[in-house]
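The values are calculated or read from the model by the stated rules, or taken from the named source; none is laboratory data. Quick caveat, the model's predicted, so the values are computed rather than measured. So basically every Cβ, Gly included, is an ideal-geometry build from the backbone, and we count neighbours across all protein chains shown.
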Amino acid sequence: MTYNRAEIMKAAWVEAKDTFIRFSYSRHQLRGLFAVALRNAWAKAKNAARMAARSAESIRMQIITMENTDRLGWDGLQKLSALRTALAQAEAREAAQRPALALAA
């Protein structure tokens, strides 16, 4: 699996600059902000790759499990939204693979 490192660095720099400006950090704190932003960008990229590798059925089962819990909270709602987006992408990916498999047979 390859990651677009340039995009990860750009996303980290944008996040670090945004945090720097929004919370009025001093100049010497920028390195620490960038380190945290870079870790976050890598985590997001790895999570996106993990979600892209999952099957639609496994994502669907996780959505059903989350929908049947009593309380989700804000983090749970965000995760459920991300799972629904990943489900749509996985279904589209699997639908695109089906005709290719039918032609090969």
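Condition test on Met66, is it touching a helix residue (DSSP H, G or I) at 6+ places or on another chain (Cβ under 8 Å) and over 29 Å from Thr2 (Cβ atoms)?
On the way: touching a helix residue (DSSP H, G or I) at 6+ places or on another chain (Cβ under 8 Å): yes; over 29 Å from Thr2 (Cβ atoms): yes.
Considered against the rule, which asks whether it is touching a helix residue (DSSP H, G or I) at 6+ places or on another chain (Cβ under 8 Å) and over 29 Å from Thr2 (Cβ atoms), Met66 comes out as yes.
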All conditions in (1) within 22 Å of Arg5 (Cα to Cα); (2) in contact with a Ser or Thr (Cβ under 8 Å, 6 or more places away or on another chain) are true of Phe34 except (2)
In the range 12-28, residues that are surrounded by 14 or more Cβ atoms within 10 Å (Cβ to Cβ) and either without any contact (Cβ under 8 Å) to a residue 24 or more places away in the chain or under 22 Å from Ala82 (Cβ atoms) (or both) total 7
Among helices (runs of 4 or more DSSP H) completely within the range 6-105, the ones holding 2 or more residues that are modelled with pLDDT under 95 and under 19 Å from the mean Cα position of the chain (by Cα) are 30-53, 73-104
With the first residue restricted to the range 48-77 and required to be outside the structural domain of Ala95 (by TED's automatic domain parsing), and the second required to be exposed (fewer than 12 other Cβ atoms within 10 Å of the Cβ), Cβ contacts under 8 Å at 6 or more apart or on different chains are Ala49/Met1
Glu57: passes all of (1) in contact with a Leu (Cβ under 9 Å, 6 or more places away or on another chain); (2) more than 19 Å from Met1 (Cβ to Cβ) but (1)
Scanning the range 60-96 for residues that are within 15 Å of Asn47 (Cβ to Cβ), surrounded by 12 or more Cβ atoms within 10 Å (Cβ to Cβ) and of a type in the set (Gly, Ala, Ser) gives Ala82, Ala86, Ala90
